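Report on one structure; see the data block that follows.
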Amino acid sequence: LLTGPAGQGKTHTLIHEIRRTLASGGIAVGVLAQTLAAGGDLRTALSQHWGYADSFATFLDGLESAAAEKGQRALIAIDALNETPNRQRWKQELAGIIREVSERPHLALALSVRSDYRLHVLPEFDAGSRPAWVEHRHSGFAGIEPEAMLAYCRHYGVSAPVAPPVGELSNPLFVQLL
């Protein structure tokens, strides 16, 4: 589970991992959650998004089989759970989706959500029980603002600002908007 404030690079991170997996000959599928159908259950919405007419379980079985054949894990990335129409569906259905994916040893699930929406989107767990995920907080460019700004400017052939980077430049989205 990748969390962090808006604009920190969660989407770019997931896209990078999908591209890296595909470039190495692996299997990866991803979805921007705001593109999912607003009605119905999430399993159906995910299957339909990926162009699969059969059940979500059968879709997962197909990914599992293909990944096992390659001796790899297939990546399933779902970005920005908080941007889904009717985001409450995740709170109700995510634990089941995670369980279905984790029952297949050749599948890996990566999710992202803005930190300020965690309580509105993620399922609650009983006191003393652990969540079904490992959480990583994406901090953007925090702590490396000058280096990040210089690397960004070099990459895009833009002149670096004369004034030192401050505050907002720890947020990759703000740097991109310059």
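The values are calculated or read from the model by the stated rules, or taken from the named source; none is laboratory data. Just so it is clear, the structure is predicted and the values come from calculations on it, not from any experiment. Reconstructed Cβ throughout: ideal geometry from the backbone, glycine too, with neighbour counts over all protein chains shown. Please note that ligands, DNA and RNA were not included when accessible areas were found on the heavy atoms of the full protein model with its side chains. Shrake-Rupley method; radii C 1.70, N 1.55, O 1.52, S 1.80 Å.
The residue that is nearest to residue 125 (Cα to Cα), counting only those in the stretch 59-102 that are touching a Gly at 6+ places or on another chain (Cβ under 9 Å) and of a type in the set (Val, Ile, Thr), is 78. In the stretch 144-176, the residue that is modelled with the lowest pLDDT out of those that are among the aromatic types (Phe, Trp, Tyr) and closer than 28 Å to residue 115 by Cα is 174. In the stretch 132-149, the qualifying residues are those that are of a type in the set (D, E, K, R) and under 17 Å from residue 79 (Cα atoms), and the one that is most open to solvent (accessible area, probe 1.4 Å) is 137.
Residues 67, 57: which one is modelled with pLDDT of 95 or more, small (Gly, Ala, Ser) and touching a Lys or Arg at 6+ places or on another chain (Cβ under 7 Å)?
One residue alone meets the criteria, 67.
Of the residues making up the stretch 118-143, just one is under 21 Å from residue 31 (Cα atoms), in a helix (DSSP H, G or I) and either among the aliphatic types (A, V, I, L, M) or modelled with pLDDT under 85 (or both), namely 121.
Is there a residue being among the β-branched types (Val, Ile, Thr) and within 25 Å of residue 137 (Cα to Cα) anywhere in the stretch 56-75? Don't jump to the end; show me each part of the working.
We begin by selecting, within the stretch 56-75, every residue among the β-branched types (Val, Ile, Thr); these are 58.
Subsequent filtering for residues that are within 25 Å of residue 137 (Cα to Cα) retains none.
No.
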